[in-house]
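The values are calculated or read from the model by the stated rules, or taken from the named source; none is laboratory data. Here the structure is a predicted model, which is why all the values come from computation and not from measurement. Because the Cβ atoms are built from the backbone with ideal geometry, glycine has one as well, and the counts that use them run over all protein chains shown.
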Amino acid sequence: MSTTARTAAHVSSRGQEMPASPIRKLMPLADEAKKRGVKVYHLNIGQPDLETPEPMRRRLTTLKDKVYAYSPSNGTPEYLDFLHAYYGKLGITLKPGEVLATTGGSEALLFAFMACADPGDEILTVEPLYTNYRSFAAMAGLSLLPIVTFGEDGFHLPARAEWEKALTPKTRLVLLCNPNNPTGTVYSKEEIVRAAEFCRDHGLFFVSDEVYREFLYDGRESVSALSLAGFEDEVVVVDSLSKRFSACGIRLGALVTRNADVAGACNRMAQGRLSPPGLAQYIAPGALELGPEYYGGVIREYQKRRDTLYDGLSKIPGVFLRKPEGAFYFIARLPVQDSDDFAAWLLSDFAFEGKTVMVAPASGFYVTPGLGLDEIRIAYVLKEDDLRDAVRVLAAALPAYRKAKGITS
Ligand SMILES: Cc1ncc(COP(=O)(O)O)c(C=O)c1O
(Lines give C-alpha, C1' and ligand atoms only; values in the text may rest on other atoms or scores of the structure.)
Protein backbone atom coordinates (compact mmCIF):
# COMPACT_ATOMS: atom_id res chain seq x y z
CA MET A 1 0.00 0.00 0.00
CA SER A 2 1.30 3.46 -0.86
CA THR A 3 2.17 5.70 2.06
CA THR A 4 2.23 8.94 0.06
CA ALA A 5 -0.54 11.41 0.84
CA ARG A 6 -3.42 11.29 -1.58
CA THR A 7 -4.02 14.42 -3.67
CA ALA A 8 -7.26 14.68 -5.57
CA ALA A 9 -6.95 15.22 -9.31
CA HIS A 10 -8.94 18.23 -10.39
CA VAL A 11 -10.60 19.22 -13.58
CA SER A 12 -8.86 21.84 -15.74
CA SER A 13 -9.89 25.48 -15.62
CA ARG A 14 -10.91 25.05 -19.27
CA GLY A 15 -13.22 22.23 -18.18
CA GLN A 16 -14.63 24.32 -15.37
CA GLU A 17 -15.20 27.31 -17.64
CA MET A 18 -17.08 25.25 -20.24
CA PRO A 19 -20.61 26.73 -20.31
CA ALA A 20 -23.67 24.48 -20.09
CA SER A 21 -26.00 24.75 -23.08
CA PRO A 22 -28.79 27.27 -22.39
CA ILE A 23 -30.83 25.35 -24.96
CA ARG A 24 -30.68 22.03 -23.18
CA LYS A 25 -30.49 22.98 -19.52
CA LEU A 26 -34.28 23.19 -19.08
CA MET A 27 -34.76 19.72 -20.56
CA PRO A 28 -35.34 18.00 -17.18
CA LEU A 29 -38.21 20.44 -16.46
CA ALA A 30 -39.70 19.70 -19.88
CA ASP A 31 -39.47 15.96 -19.18
CA GLU A 32 -41.25 16.48 -15.85
CA ALA A 33 -44.01 18.49 -17.56
CA LYS A 34 -44.48 15.71 -20.12
CA LYS A 35 -44.70 13.14 -17.30
CA ARG A 36 -47.53 15.23 -15.82
CA GLY A 37 -49.31 14.90 -19.19
CA VAL A 38 -48.62 18.45 -20.39
CA LYS A 39 -47.92 18.83 -24.11
CA VAL A 40 -44.71 20.83 -24.63
CA TYR A 41 -44.14 22.80 -27.84
CA HIS A 42 -40.40 22.93 -28.41
CA LEU A 43 -39.43 26.38 -29.61
CA ASN A 44 -36.05 26.01 -27.97
CA ILE A 45 -33.88 24.01 -30.35
CA GLY A 46 -33.02 24.17 -34.06
CA GLN A 47 -33.84 20.57 -34.91
CA PRO A 48 -35.76 20.85 -38.21
CA ASP A 49 -38.84 18.62 -38.45
CA LEU A 50 -38.76 18.33 -42.27
CA GLU A 51 -37.80 14.97 -43.76
CA THR A 52 -34.23 14.46 -44.90
CA PRO A 53 -34.64 14.40 -48.73
CA GLU A 54 -35.46 10.98 -50.17
CA PRO A 55 -32.47 10.84 -52.59
CA MET A 56 -30.17 11.10 -49.58
CA ARG A 57 -32.06 8.47 -47.57
CA ARG A 58 -32.10 6.20 -50.61
CA ARG A 59 -28.28 6.22 -50.76
CA LEU A 60 -28.09 4.23 -47.53
CA THR A 61 -30.15 1.45 -49.04
CA THR A 62 -27.59 1.04 -51.83
CA LEU A 63 -24.59 0.71 -49.52
CA LYS A 64 -22.69 -2.48 -50.29
CA ASP A 65 -19.59 -2.03 -48.09
CA LYS A 66 -18.73 -4.99 -45.88
CA VAL A 67 -16.25 -2.93 -43.85
CA TYR A 68 -17.11 0.52 -42.56
CA ALA A 69 -13.59 1.82 -43.00
CA TYR A 70 -11.93 5.12 -42.12
CA SER A 71 -12.29 7.58 -44.98
CA PRO A 72 -9.48 9.90 -46.06
CA SER A 73 -9.11 12.52 -43.32
CA ASN A 74 -9.94 15.42 -45.66
CA GLY A 75 -13.06 13.59 -46.96
CA THR A 76 -13.99 10.96 -49.55
CA PRO A 77 -13.41 11.94 -53.20
CA GLU A 78 -17.17 11.52 -53.70
CA TYR A 79 -18.09 13.96 -50.92
CA LEU A 80 -15.42 16.45 -51.98
CA ASP A 81 -16.74 16.30 -55.57
CA PHE A 82 -20.21 16.90 -54.19
CA LEU A 83 -18.97 19.99 -52.31
CA HIS A 84 -17.17 21.34 -55.38
CA ALA A 85 -20.37 20.87 -57.41
CA TYR A 86 -22.50 22.52 -54.69
CA TYR A 87 -20.24 25.58 -54.48
CA GLY A 88 -19.93 25.66 -58.27
CA LYS A 89 -23.71 26.13 -58.49
CA LEU A 90 -23.31 29.14 -56.20
CA GLY A 91 -20.74 30.55 -58.61
CA ILE A 92 -17.87 29.77 -56.24
CA THR A 93 -15.05 27.84 -57.91
CA LEU A 94 -12.78 26.00 -55.50
CA LYS A 95 -9.47 24.32 -56.15
CA PRO A 96 -8.59 20.94 -54.66
CA GLY A 97 -7.39 21.35 -51.09
CA GLU A 98 -9.53 24.44 -50.44
CA VAL A 99 -12.39 22.40 -48.97
CA LEU A 100 -12.16 19.96 -46.09
CA ALA A 101 -14.83 17.53 -44.84
CA THR A 102 -15.65 17.96 -41.16
CA THR A 103 -17.83 16.35 -38.53
CA GLY A 104 -20.58 18.95 -38.81
CA GLY A 105 -20.08 22.67 -38.83
CA SER A 106 -19.16 22.20 -35.17
CA GLU A 107 -15.81 20.61 -35.96
CA ALA A 108 -15.18 23.21 -38.68
CA LEU A 109 -15.65 25.93 -36.05
CA LEU A 110 -13.19 24.28 -33.69
CA PHE A 111 -10.61 23.77 -36.46
CA ALA A 112 -11.04 27.36 -37.64
CA PHE A 113 -10.60 28.78 -34.14
CA MET A 114 -7.54 26.63 -33.45
CA ALA A 115 -5.92 27.35 -36.82
CA CYS A 116 -6.50 31.12 -36.69
CA ALA A 117 -5.62 31.93 -33.07
CA ASP A 118 -3.45 30.83 -30.15
CA PRO A 119 -4.59 30.22 -26.57
CA GLY A 120 -5.09 33.60 -24.88
CA ASP A 121 -6.08 35.33 -28.15
CA GLU A 122 -9.43 36.95 -28.84
CA ILE A 123 -12.29 36.51 -31.26
CA LEU A 124 -14.07 39.72 -32.16
CA THR A 125 -17.76 39.13 -32.87
CA VAL A 126 -21.26 40.44 -32.16
CA GLU A 127 -23.76 39.43 -29.52
CA PRO A 128 -26.28 37.89 -29.15
CA LEU A 129 -24.38 34.99 -30.66
CA TYR A 130 -24.71 31.27 -31.34
CA THR A 131 -24.22 29.94 -27.86
CA ASN A 132 -21.84 27.12 -28.81
CA TYR A 133 -19.28 29.70 -29.97
CA ARG A 134 -18.65 30.06 -26.25
CA SER A 135 -17.98 26.31 -25.95
CA PHE A 136 -15.61 26.16 -28.93
CA ALA A 137 -13.78 29.30 -27.80
CA ALA A 138 -13.33 27.72 -24.35
CA MET A 139 -12.02 24.48 -25.92
CA ALA A 140 -9.51 26.45 -28.00
CA GLY A 141 -8.49 28.64 -25.03
CA LEU A 142 -9.79 31.81 -26.72
CA SER A 143 -11.90 34.68 -25.41
CA LEU A 144 -14.93 36.07 -27.17
CA LEU A 145 -14.98 39.84 -27.45
CA PRO A 146 -18.50 40.71 -28.56
CA ILE A 147 -19.93 44.06 -29.65
CA VAL A 148 -23.60 44.34 -28.64
CA THR A 149 -26.18 44.55 -31.42
CA PHE A 150 -29.75 45.66 -30.86
CA GLY A 151 -33.23 44.49 -31.83
CA GLU A 152 -34.18 48.06 -32.78
CA ASP A 153 -31.53 47.91 -35.56
CA GLY A 154 -32.65 44.41 -36.57
CA PHE A 155 -29.37 43.24 -34.95
CA HIS A 156 -27.42 44.54 -37.97
CA LEU A 157 -23.69 45.15 -37.74
CA PRO A 158 -22.28 48.11 -35.82
CA ALA A 159 -20.41 50.89 -37.65
CA ARG A 160 -16.71 50.43 -38.41
CA ALA A 161 -15.76 52.89 -35.63
CA GLU A 162 -17.14 50.46 -33.05
CA TRP A 163 -15.08 47.60 -34.44
CA GLU A 164 -11.97 49.80 -34.34
CA LYS A 165 -12.72 50.68 -30.72
CA ALA A 166 -13.21 47.04 -29.70
CA LEU A 167 -10.03 45.73 -31.36
CA THR A 168 -7.14 44.80 -29.04
CA PRO A 169 -3.60 43.54 -29.74
CA LYS A 170 -4.86 40.03 -28.93
CA THR A 171 -7.63 40.01 -31.55
CA ARG A 172 -6.92 37.42 -34.25
CA LEU A 173 -10.20 36.93 -36.03
CA VAL A 174 -13.64 38.29 -36.68
CA LEU A 175 -16.46 35.77 -36.43
CA LEU A 176 -19.85 36.33 -38.05
CA CYS A 177 -22.82 34.04 -38.57
CA ASN A 178 -24.78 34.91 -41.72
CA PRO A 179 -27.76 34.31 -41.86
CA ASN A 180 -27.65 34.66 -38.13
CA ASN A 181 -28.51 32.29 -35.35
CA PRO A 182 -29.95 33.48 -32.93
CA THR A 183 -31.24 36.77 -34.40
CA GLY A 184 -32.45 35.77 -37.88
CA THR A 185 -30.55 38.76 -39.33
CA VAL A 186 -29.17 38.54 -42.87
CA TYR A 187 -26.18 40.82 -43.43
CA SER A 188 -26.09 42.75 -46.70
CA LYS A 189 -23.19 42.49 -49.12
CA GLU A 190 -22.09 45.94 -47.97
CA GLU A 191 -21.95 44.75 -44.33
CA ILE A 192 -19.96 41.66 -45.27
CA VAL A 193 -17.51 43.67 -47.37
CA ARG A 194 -17.09 46.13 -44.49
CA ALA A 195 -16.24 43.26 -42.13
CA ALA A 196 -13.82 41.73 -44.63
CA GLU A 197 -12.08 45.09 -45.20
CA PHE A 198 -11.72 45.60 -41.48
CA CYS A 199 -10.07 42.16 -41.25
CA ARG A 200 -7.73 42.85 -44.16
CA ASP A 201 -6.74 46.26 -42.77
CA HIS A 202 -5.83 44.73 -39.41
CA GLY A 203 -4.36 41.37 -40.45
CA LEU A 204 -7.27 39.37 -39.00
CA PHE A 205 -8.99 36.25 -40.27
CA PHE A 206 -12.66 36.47 -41.19
CA VAL A 207 -14.45 33.32 -40.05
CA SER A 208 -17.87 33.27 -41.68
CA ASP A 209 -20.37 30.72 -40.39
CA GLU A 210 -22.76 30.15 -43.29
CA VAL A 211 -24.60 27.00 -42.19
CA TYR A 212 -27.98 28.74 -42.87
CA ARG A 213 -26.88 30.07 -46.29
CA GLU A 214 -30.09 29.19 -48.17
CA PHE A 215 -32.52 30.24 -45.43
CA LEU A 216 -33.36 33.70 -46.78
CA TYR A 217 -36.83 35.24 -46.87
CA ASP A 218 -38.69 37.90 -48.87
CA GLY A 219 -36.48 37.32 -51.92
CA ARG A 220 -33.19 38.16 -50.18
CA GLU A 221 -29.99 36.92 -51.78
CA SER A 222 -27.16 35.11 -50.14
CA VAL A 223 -23.70 36.66 -50.07
CA SER A 224 -21.05 34.15 -49.15
CA ALA A 225 -17.78 35.59 -47.88
CA LEU A 226 -16.20 33.16 -50.37
CA SER A 227 -17.66 35.18 -53.24
CA LEU A 228 -15.78 38.37 -52.29
CA ALA A 229 -12.79 39.07 -54.52
CA GLY A 230 -9.55 40.14 -52.86
CA PHE A 231 -10.12 38.54 -49.45
CA GLU A 232 -8.78 35.06 -50.25
CA ASP A 233 -6.22 35.17 -47.43
CA GLU A 234 -8.68 36.29 -44.76
CA VAL A 235 -11.83 34.24 -45.37
CA VAL A 236 -12.51 30.90 -43.66
CA VAL A 237 -16.03 29.55 -44.16
CA VAL A 238 -17.79 27.14 -41.83
CA ASP A 239 -20.46 25.05 -43.51
CA SER A 240 -22.82 22.20 -42.68
CA LEU A 241 -25.37 19.84 -44.20
CA SER A 242 -27.34 19.74 -40.94
CA LYS A 243 -29.92 22.44 -41.62
CA ARG A 244 -29.70 22.68 -45.41
CA PHE A 245 -30.81 19.08 -45.83
CA SER A 246 -32.55 18.58 -42.50
CA ALA A 247 -29.81 16.07 -41.69
CA CYS A 248 -28.43 17.16 -38.32
CA GLY A 249 -27.80 13.59 -37.19
CA ILE A 250 -25.42 12.55 -39.95
CA ARG A 251 -22.85 15.03 -38.56
CA LEU A 252 -21.34 16.32 -41.77
CA GLY A 253 -19.97 19.72 -42.66
CA ALA A 254 -17.06 21.49 -44.31
CA LEU A 255 -14.37 24.07 -43.78
CA VAL A 256 -13.54 26.14 -46.86
CA THR A 257 -10.62 28.50 -47.24
CA ARG A 258 -8.30 29.67 -50.00
CA ASN A 259 -5.63 30.49 -47.42
CA ALA A 260 -3.17 27.63 -47.96
CA ASP A 261 -1.63 27.95 -44.47
CA VAL A 262 -4.99 27.71 -42.71
CA ALA A 263 -6.07 24.88 -45.02
CA GLY A 264 -2.81 23.05 -44.24
CA ALA A 265 -3.21 23.48 -40.47
CA CYS A 266 -6.83 22.29 -40.60
CA ASN A 267 -5.83 19.32 -42.76
CA ARG A 268 -3.28 18.27 -40.16
CA MET A 269 -5.89 18.58 -37.41
CA ALA A 270 -8.16 16.45 -39.58
CA GLN A 271 -5.43 13.81 -39.86
CA GLY A 272 -5.15 13.79 -36.07
CA ARG A 273 -8.81 12.95 -35.67
CA LEU A 274 -8.48 10.35 -38.48
CA SER A 275 -11.69 10.63 -40.43
CA PRO A 276 -15.01 12.46 -40.82
CA PRO A 277 -18.11 10.22 -40.66
CA GLY A 278 -17.98 7.74 -43.55
CA LEU A 279 -21.67 6.86 -43.75
CA ALA A 280 -22.60 10.53 -43.84
CA GLN A 281 -20.25 11.15 -46.74
CA TYR A 282 -21.86 8.25 -48.55
CA ILE A 283 -25.32 9.77 -48.04
CA ALA A 284 -24.44 13.38 -48.97
CA PRO A 285 -24.09 13.09 -52.80
CA GLY A 286 -27.77 12.09 -52.96
CA ALA A 287 -28.41 15.84 -52.56
CA LEU A 288 -27.04 16.38 -56.08
CA GLU A 289 -30.40 15.13 -57.35
CA LEU A 290 -32.14 18.05 -55.62
CA GLY A 291 -33.03 20.95 -57.88
CA PRO A 292 -34.05 24.53 -57.11
CA GLU A 293 -37.57 23.26 -56.29
CA TYR A 294 -36.18 21.54 -53.18
CA TYR A 295 -34.62 24.71 -51.82
CA GLY A 296 -37.64 26.76 -52.91
CA GLY A 297 -40.02 24.41 -51.08
CA VAL A 298 -38.02 24.50 -47.86
CA ILE A 299 -37.72 28.29 -47.92
CA ARG A 300 -41.44 28.75 -48.60
CA GLU A 301 -42.27 26.48 -45.68
CA TYR A 302 -39.99 28.33 -43.25
CA GLN A 303 -41.12 31.73 -44.49
CA LYS A 304 -44.74 30.74 -43.78
CA ARG A 305 -43.74 29.63 -40.31
CA ARG A 306 -41.85 32.85 -39.70
CA ASP A 307 -44.87 34.88 -40.78
CA THR A 308 -47.20 32.90 -38.52
CA LEU A 309 -44.99 33.44 -35.50
CA TYR A 310 -44.12 37.03 -36.26
CA ASP A 311 -47.76 38.01 -36.83
CA GLY A 312 -48.90 36.17 -33.71
CA LEU A 313 -46.17 37.29 -31.33
CA SER A 314 -46.15 40.94 -32.40
CA LYS A 315 -49.81 41.17 -31.38
CA ILE A 316 -49.08 40.15 -27.76
CA PRO A 317 -48.89 43.28 -25.59
CA GLY A 318 -45.34 44.08 -24.45
CA VAL A 319 -43.60 41.73 -26.91
CA PHE A 320 -41.04 43.31 -29.26
CA LEU A 321 -39.42 41.76 -32.28
CA ARG A 322 -38.34 42.81 -35.76
CA LYS A 323 -39.33 40.60 -38.67
CA PRO A 324 -36.52 38.03 -39.01
CA GLU A 325 -34.80 37.99 -42.40
CA GLY A 326 -33.31 34.50 -42.51
CA ALA A 327 -32.29 31.28 -40.69
CA PHE A 328 -35.10 29.93 -38.48
CA TYR A 329 -34.62 31.77 -35.24
CA PHE A 330 -35.28 35.13 -33.69
CA ILE A 331 -34.81 36.98 -30.45
CA ALA A 332 -37.95 38.47 -28.92
CA ARG A 333 -38.12 40.91 -26.03
CA LEU A 334 -40.79 40.09 -23.45
CA PRO A 335 -42.38 42.07 -20.60
CA VAL A 336 -40.45 40.03 -18.01
CA GLN A 337 -37.34 40.77 -15.95
CA ASP A 338 -35.75 37.34 -15.89
CA SER A 339 -36.38 35.15 -18.91
CA ASP A 340 -34.49 32.23 -17.31
CA ASP A 341 -37.11 32.24 -14.56
CA PHE A 342 -39.94 32.70 -17.08
CA ALA A 343 -38.72 29.78 -19.23
CA ALA A 344 -38.48 27.52 -16.16
CA TRP A 345 -41.90 28.69 -14.89
CA LEU A 346 -43.51 27.88 -18.25
CA LEU A 347 -42.43 24.27 -17.80
CA SER A 348 -42.91 23.77 -14.08
CA ASP A 349 -45.87 26.01 -13.11
CA PHE A 350 -47.94 26.71 -16.18
CA ALA A 351 -50.21 24.98 -18.65
CA PHE A 352 -52.90 26.39 -20.92
CA GLU A 353 -55.45 23.83 -22.14
CA GLY A 354 -52.93 21.16 -21.11
CA LYS A 355 -50.10 22.70 -23.15
CA THR A 356 -47.00 24.79 -22.61
CA VAL A 357 -43.97 25.98 -24.57
CA MET A 358 -40.26 25.55 -24.10
CA VAL A 359 -38.16 28.55 -25.09
CA ALA A 360 -34.45 29.32 -24.74
CA PRO A 361 -33.69 32.20 -22.34
CA ALA A 362 -31.51 34.67 -24.27
CA SER A 363 -28.95 35.32 -21.51
CA GLY A 364 -26.99 32.27 -22.72
CA PHE A 365 -26.65 33.89 -26.15
CA TYR A 366 -24.77 36.85 -24.68
CA VAL A 367 -21.25 36.91 -23.28
CA THR A 368 -21.73 40.17 -21.40
CA PRO A 369 -23.32 39.37 -18.03
CA GLY A 370 -26.75 40.90 -17.47
CA LEU A 371 -27.74 41.15 -21.14
CA GLY A 372 -30.69 39.31 -22.64
CA LEU A 373 -32.55 38.97 -19.34
CA ASP A 374 -35.81 40.16 -20.90
CA GLU A 375 -35.31 38.23 -24.13
CA ILE A 376 -35.87 34.71 -25.41
CA ARG A 377 -34.67 32.93 -28.50
CA ILE A 378 -37.28 31.12 -30.52
CA ALA A 379 -36.65 28.47 -33.17
CA TYR A 380 -39.50 27.93 -35.66
CA VAL A 381 -39.04 24.32 -36.56
CA LEU A 382 -42.64 23.18 -35.92
CA LYS A 383 -45.62 22.92 -38.24
CA GLU A 384 -47.73 26.07 -38.69
CA ASP A 385 -50.72 24.80 -36.67
CA ASP A 386 -48.46 23.98 -33.74
CA LEU A 387 -46.80 27.39 -34.00
CA ARG A 388 -50.21 29.08 -33.94
CA ASP A 389 -51.13 27.11 -30.84
CA ALA A 390 -47.77 27.90 -29.22
CA VAL A 391 -48.49 31.63 -29.73
CA ARG A 392 -51.85 31.21 -27.95
CA VAL A 393 -50.09 29.49 -25.07
CA LEU A 394 -47.48 32.27 -24.81
CA ALA A 395 -50.19 34.96 -25.03
CA ALA A 396 -51.92 33.35 -22.05
CA ALA A 397 -48.68 32.70 -20.16
CA LEU A 398 -47.27 36.25 -20.15
CA PRO A 399 -50.06 37.98 -18.17
CA ALA A 400 -50.32 34.95 -15.86
CA TYR A 401 -46.57 35.07 -15.16
CA ARG A 402 -46.56 38.83 -14.59
CA LYS A 403 -49.45 38.44 -12.15
CA ALA A 404 -47.81 35.52 -10.34
CA LYS A 405 -44.54 37.48 -9.95
CA GLY A 406 -46.20 40.82 -9.14
CA ILE A 407 -44.64 42.57 -12.19
CA THR A 408 -46.47 45.80 -12.89
CA SER A 409 -43.97 47.82 -14.96
C1 LIG B 1 -24.77 29.04 -36.30
C2 LIG B 1 -24.45 27.61 -36.23
N3 LIG B 1 -23.22 27.20 -36.57
C4 LIG B 1 -22.86 25.91 -36.52
C5 LIG B 1 -23.74 24.95 -36.09
C6 LIG B 1 -23.26 23.55 -36.01
O7 LIG B 1 -24.04 22.67 -36.68
P8 LIG B 1 -23.60 21.18 -37.03
O9 LIG B 1 -22.45 20.81 -36.18
O10 LIG B 1 -24.82 20.35 -36.79
O11 LIG B 1 -23.23 21.23 -38.46
C12 LIG B 1 -25.05 25.32 -35.71
C13 LIG B 1 -26.01 24.34 -35.21
O14 LIG B 1 -27.07 24.64 -34.73
C15 LIG B 1 -25.40 26.68 -35.79
O16 LIG B 1 -26.62 27.10 -35.46
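Restricting to segment 368-381, name every residue that is surrounded by fewer than 20 Cβ atoms within 10 Å (Cβ to Cβ) and not charged (D, E, K, R).
Thr368, Pro369, Gly370, Leu371, Leu373
Scanning segment 360-387 for residues that are β-branched (Val, Ile, Thr) and either at pLDDT 95 or above or within 21 Å of Val148 (Cβ to Cβ) (or both), which turns out nearest to the chain's Cα centre (by Cα)?
Restricting to residues being β-branched (Val, Ile, Thr) and either at pLDDT 95 or above or within 21 Å of Val148 (Cβ to Cβ) (or both), the top hit is Ile378.
Output the number of the condition that Arg322 fails; it satisfies all remaining conditions of (1) assigned to a loop (DSSP other than H, G, I, E, B); (2) over 18 Å from Phe150 (Cβ atoms).
Every condition holds for Arg322 apart from (2).
Can you tell me which residues in segment 13-47 are under 16 Å from Arg377 (Cα atoms) and part of a helix (DSSP H, G or I)?
Met27
Residues are listed down the side, and each one gets a yes or a no for (1) within 29 Å of Pro55 (Cβ to Cβ); (2) away from the ligand (no atom under 16 Å from the Cβ); (3) free of Cβ contacts under 8 Å to residues at least 60 places away in the same chain; (4) outside any strand (DSSP E or B):
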residue	(1), (2), (3), (4)
Arg244	yes, no, yes, yes
Leu255	yes, no, no, no
Ala265	no, yes, no, yes
Ser275	yes, yes, no, yes
Gln281	yes, no, no, yes
Gly286	yes, yes, no, yes
Tyr295	yes, yes, no, yes
Lys304	yes, yes, no, yes
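Among the residues of segment 128-147, count how many are away from the ligand (no atom under 14 Å from the Cβ), farther than 14 Å from Val174 by Cα and outside any helix (DSSP H, G or I).
Looking only at that region, the number is 1.
Quick test for you: out of Asp261, Asp201, pick the one residue that is in the same structural domain as Asn178 (by TED's automatic domain parsing), in contact with a helix residue (DSSP H, G or I) (Cβ under 9 Å, 6 or more places away or on another chain) and away from the ligand (no atom under 11 Å from the Cβ).
Among Asp261, Asp201, only Asp261 is in the same structural domain as Asn178 (by TED's automatic domain parsing), in contact with a helix residue (DSSP H, G or I) (Cβ under 9 Å, 6 or more places away or on another chain) and away from the ligand (no atom under 11 Å from the Cβ).
List, please: which pairs have Cβ atoms under 6 Å, are six or more places apart or on different chains, and start with a residue in segment 190-217 that is under 15 Å from Leu176 (Cβ atoms) and modelled with pLDDT of 95 or more and end with one that is basic (Lys, Arg) and crowded, with 17+ Cβ neighbours inside 10 Å?
Note: pairs meeting the criteria are Val211/Lys243; Tyr212/Lys243.
Every residue in segment 90-124 that is away from the ligand (no atom under 16 Å from the Cβ), in a strand (DSSP E or B) and of a type in the set (A, V, I, L, M), please.
Leu124
Within segment 9-25, which residues are hydrophobic (A, V, I, L, M, F, W, C) and modelled with pLDDT under 90? If you could, list the steps in order and put the result at the bottom.
Going residue by residue through segment 9-25, those that are hydrophobic (A, V, I, L, M, F, W, C) are 9, 11, 18, 20, 23.
Across segment 9-25, the qualifying residues are Met18, Ala20, Ile23.
Cβ-Cβ distance below 6 Å, separation of 6 or more or different chains: which pairs start in segment 107-135 with a residue that is free of Cβ contacts under 8 Å to residues at least 60 places away in the same chain and assigned by TED's automatic domain parsing to the domain that holds Pro182 and end on one that is within 12 Å of the ligand (Cβ to nearest atom) and assigned to a helix (DSSP H, G or I)?
Leu110/Phe136
Among (1) in a loop (DSSP other than H, G, I, E, B); (2) farther than 19 Å from Leu29 by Cβ; (3) of a type outside the set (D, E, K, R), which single condition is Phe350 missing?
(2)
What number of residues within segment 216-225 satisfy the criterion of being within 16 Å of the ligand (Cβ to nearest atom) and not polar (S, T, N, Q)? It would help to see each step written out before you state the result.
Step one: of segment 216-225, the residues within 16 Å of the ligand (Cβ to nearest atom) are 216, 222, 224-225.
After this cut, where a residue has to be not polar (S, T, N, Q) as well, the list is 216, 225.
Summing the residues that are within 16 Å of the ligand (Cβ to nearest atom) and not polar (S, T, N, Q) in segment 216-225 gives 2.
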